[in-house]
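Okay, so here's the structure we're looking at.
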């Protein structure tokens, strides 16, 4: 398997895919807010679309830091 040769754990893969998913959904949410504003100017915005990027992007940043710490610790253990 590709994961066993790279030495990446299942936790690292899960965190990486979660980061990619949260950032991707945030971008889609921001684009949909812009499209709704342009094509439907009088309609109220959907609260979930507005709040999602505010929560998902900082969460992604924290997960990137967590992933970085996990990888630094695993590289440190492998070097000893």
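The values are calculated or read from the model by the stated rules, or taken from the named source; none is laboratory data. Since the structure is predicted, the reported quantities are computational estimates derived from the model, not experimental observations. Cβ coordinates were reconstructed from backbone atoms using ideal geometry, including for glycine residues, and neighbour counts include every protein chain displayed.
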Every pair of residues 6+ apart whose Cβ atoms lie under 9 Å, when the first sits in segment 7-23 and is in contact (Cβ under 8 Å) with a residue 24 or more places away in the chain and on the phi > 0 side of the Ramachandran plot while the second is loosely packed, with under 14 Cβ neighbours inside 10 Å and assigned to a helix (DSSP H, G or I): 7/78
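Tell me, which helices (runs of 4 or more DSSP H) lie completely within the chain with 2 or more residues that are within 19 Å of the chain's Cα centre (by Cα)?
Values: elements: 2-6, 10-39, 47-79.
Fully inside the chain and qualifying: 10-39, 47-79.
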Given (1) modelled with pLDDT under 90; (2) closer than 18 Å to residue 13 by Cα; (3) in contact with a helix residue (DSSP H, G or I) (Cβ under 8 Å, 6 or more places away or on another chain), index of the condition residue 75 fails: (3)
